[in-house]
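Quick one: this structure, given as structure tokens, is what I'll be asking you about.
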Amino acid sequence: MTRINVTVDGVGYEDEVEPRTLLVHYLRETLGKTGTVVGCDTSNCGACTVHLDGRSVKSCNVLAVQADGHEVTTIEGLAQDGELHPMQRAFHDCHALQCGYCTPGMIMQAIDVLNDNPHPSEEQIRVGLEGNLCRCTGYHNIVKAVQQAADEGSTAGASAGATAGGAQ
Amino acid sequence: MIPARFDYVAPTSVADALSALAEAGDDAKVMAGGQSLLPILRMRLNAPETVVDLGRIEELRGVRDEGDHVVIGAMTTYADVLASDLVRQHAGVLTDAIEEVADPQIRHRGTVGGALVHADPAGDVGAPVLALDAELVVTGPGGERTVPAAEFFRDLFETAVGEGELLTAIRIPKHTGWGSRYEKFVRVAHQWSIVAVAATVRVEGGAIAEARIGLTNMGSTPLRATAVEQALVGKAATEDAVREACAAAAEGTNPPSDLNGDADYRKHLATVLTRRAVLAAAGA
């Protein structure tokens, strides 16, 4: 077992983990943060996307021990004081989901896209989301939601109060 | 899917990493960004006793200017290389290729050094590194040695980095003012290259003065299309002249046959993609 210190959604945790524990399993099973889901389990689909020090990563492709000393933001850390994050609001407004399974990862990656480029073209949004698969093929409204969030000026600092000032 | 149990070591210096490797013996695996290694461990295609994680070695990160070379620390992520104006300006074909690697999440974690040592022939960084005549700095218990890219790739998943050694840096001679293009052929988003071509050319007075071409997934290692490089010298940067010179792009290659295409198809792709890459690199 290896001792790790990780900040997740603004709260510090200290835990003993097996080195082979994947970050996504640590989040779900140790911390109970089941908002982050396991999709393909082969690092293709992006459903498990979270932010590590402010940059998007696939949490099924990172070991929990690699997150030692770092900050993680999950979908559960986005809403502040009961208010949805602007990207969550945009997904809701634009009906950017069907079954909803890809949504946590889509939203986390969509925020990363705007952090990189606050005013992306439609093409840049689609390329920025290329590591996230929607099995319902509901991409059209997902792209519209990201455009709406971009138009509202939902950018970097807003990615999560918890990681404001996180490494960029 | 979770990996088999392993011991985990996270040294904070190259010296400590080399000691950890020596101590762990022959069943240790080095982890860079882990973006290729973790899927392998999860699928249990490999089950090392010890994983030595280089992720906490700051001295291996970053891009620096060393006169006529750009030096990339082996643990520099794809995303950090993409953000580097030095690389874009002096080794543009590497930037072009990295833009095509996997997806943004993978590029935030994956490293250039990790990809080079993993040496998947369908990986995108081998061909540009070969085309740019880079030198690979390999560090072991006995010190540092430099391996030319042409001697670095030995075979499928095999490089000049020996047991107990680490790739620590990539030294790229500046190709300032050279045009560049990475032409990657895939069927779906964030796929490994079926075939790709890295081209960088220097144009002088409308003619191609020098050309360097690297091929991805046309054999068990990245390859140089030397016949094309020679044929391009002095040619006008026009469709017809470049087409003729690029006809030999598949010469001496031995591409795989798989579900994505057979060897003959890949050879055809290589000539088409080389022509497109050279024309784009020449600004034609």
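Within a 10 angstrom radius of the beta carbon, how do A:Lys144, B:Lys184 rank from fewest other beta carbons to most?
Working: A:Lys144 18, B:Lys184 23.
Arranged by neighbour count, lowest to highest, A:Lys144, B:Lys184 become A:Lys144, B:Lys184.
Taking the number of other C-beta atoms within 10 Å as the exposure measure, put A:Cys40, A:Cys102, A:Cys136, A:Cys94 in order starting with the fewest.
A:Cys136, A:Cys40, A:Cys94, A:Cys102
Helix A:103-116 sits at what angle to the longest principal axis of chain A, using alpha carbons and giving 0 to 90 degrees rounded to 10?
Compared with the principal axis, the helix lies near 80 degrees.
Arrange the following residues from fewest to most other Cβ atoms within 10 Å of their Cβ: A:Thr34, B:Thr76.
By the 10 Å Cβ count, ascending, the order reads A:Thr34, B:Thr76.
Could you list the square roots of 5 times each eigenvalue of the Cα gyration tensor of the range B:7-53, that is, the equivalent ellipsoid semi-axes, sorted largest first and rounded to whole Å?
Those come to 19, 12, 6 Å.
Wrap a convex hull around the Cα atoms of the protein assembly as shown, take a quarter of its surface area, and give that in square nanometres.
Working: hull surface 85.8 nm².
Reported value for the Cα convex hull: 21.4 nm².
Turning to a different aspect of this structure: Once the range B:179-281 is represented by equal point scatterers at the alpha-carbon sites, with solvent omitted, what log10 I(q)/I(0) does the Debye formula produce at q = 0.11, 0.15, 0.17, 0.23 Å⁻¹?
Debye curve over Cα of the range B:179-281, log10 I(q)/I(0) at q = 0.11, 0.15, 0.17, 0.23 Å⁻¹: -0.29, -0.53, -0.67, -1.13.
What is the magnitude of the charge dipole of the range A:107-151 about its Cα centre, with +1 placed on the Cβ of each Lys and Arg, -1 on the Cβ of each Asp and Glu, and no other charges, expressed in debye to the nearest 20?
220
For the range A:86-156, take the convex hull of the Cα atoms, compute a quarter of its surface area, and give me that in nm², please.
Numbers: hull surface 15.2 nm².
Hull-based average projected area comes out at 3.8 nm².
For the range B:61-173, build the charge dipole from Cβ charges (+1 Lys, Arg; -1 Asp, Glu) around the Cα centre, then report which of B:His108, B:Ala150, B:Ala122 sits farthest towards its positive end.
Final value for the positive-end residue is B:His108.
Can you pull the semi-axes for the range A:1-48, root of five times each eigenvalue of the Cα gyration tensor, sorted largest first, whole Å?
20, 13, 8
Would you kindly calculate the mean projected area, averaged across all directions, of the convex hull enclosing the Cα atoms of chain A, in square nanometres?
Result: a mean projected hull area of 8.8 nm².
When the dipole is taken about the Cα centre of the range B:137-230, and only Lys, Arg (+1) and Asp, Glu (-1) are charged at their Cβ, what size is it in debye, to the nearest 20?
That gives a dipole near 360 debye.
Per 0.36 nm of contour for each residue apart, how much would the distance between B:His268 and B:Arg154 grow if the chain were fully extended, relative to their Cα-Cα spacing?
Working: separation 114, 0.36 × 114 = 41.04 nm, distance 2.49 nm.
That works out to 38.5 nm of additional length.
Helix-derived [θ] at 222 nm for the protein assembly as shown: sum -39500 (n - 2.57) over DSSP H runs of at least 4, divide by residue count, nearest 500? If you can, show how the numbers build up before the last one.
Working: 16 runs with 135 residues, N = 452.
Mean residue ellipticity, 222 nm, calculated: -8000 deg cm²/dmol.
At a threshold of 8 angstrom on Cα-Cα distance, excluding pairs fewer than six apart, so keeping six or more, what relative contact order does chain B reach in percent?
Averaging sequence separation for qualifying contacts and normalising by length gives 15 percent for chain B.
How big, in percent, is the set of alpha carbon pairs in the range A:63-105 lying more than 13 Å apart?
Tail of P(r) above 13 Å: 64 percent of Cα pairs.
Could you bin all the Cα-Cα distances of the range A:46-117 into 10 Å bins starting at 0 and give me the percent of pairs in each, rounded to whole numbers?
P(r) over the range A:46-117, rounded to whole percents: 20, 51, 25, 4.
So, one more: As a test of the definition: which semi-axes, in Å, follow for chain B when you take the square root of five times each eigenvalue of its alpha carbon gyration tensor? Largest first, please.
Values: eigenvalues 221, 88, 47 Å².
Equivalent ellipsoid semi-axes, largest first: 33, 21, 15 Å.
Now for a different question. What residues of the range B:54-72 lie in the reach of a label at B:Arg202, counting those whose backbone N is under 14 Å from a point 7 Å from the Cα along Cα→Cβ?
B:68-69
Below 22 Å, Cα to Cα, which lysines can B:Lys184 reach? Residues fewer than 8 away in the same chain don't count.
The qualifying lysines are B:Lys267.
Mind checking the angle between helix B:14-24 and chain B's longest principal axis? C-alpha axes, 0 to 90 degrees, to the nearest 10.
60
Given an 8 Å cut-off on Cα distances and at least 6 residues of separation, report the relative contact order of the range B:61-173 as a percent.
Once divided by the residue count of the range B:61-173, the mean separation gives 29 percent.
Could you size up the charge dipole of chain B around its Cα centre, putting +1 on the beta carbon of Lys and Arg and -1 on that of Asp and Glu, and report it in debye to the nearest 20?
About 700 debye.
What ratio of Cα Rg to 2.2 N^0.38 Å holds for the range B:61-173?
Output field value: 0.97.
Still on this model: Just want to confirm a number: the relative contact order over chain A, from Cα pairs under 8 angstrom separated by 6+ residues, in percent.
In percent, rounded to a whole number, it is 25.
Coordinate-derived values only; no laboratory data. From a predicted model like this one, the values you see are computed outputs, not experimental measurements. Neighbour counts are summed over all protein chains in view; Cβ atoms, including those assigned to glycine, are modelled from backbone coordinates with ideal geometry.
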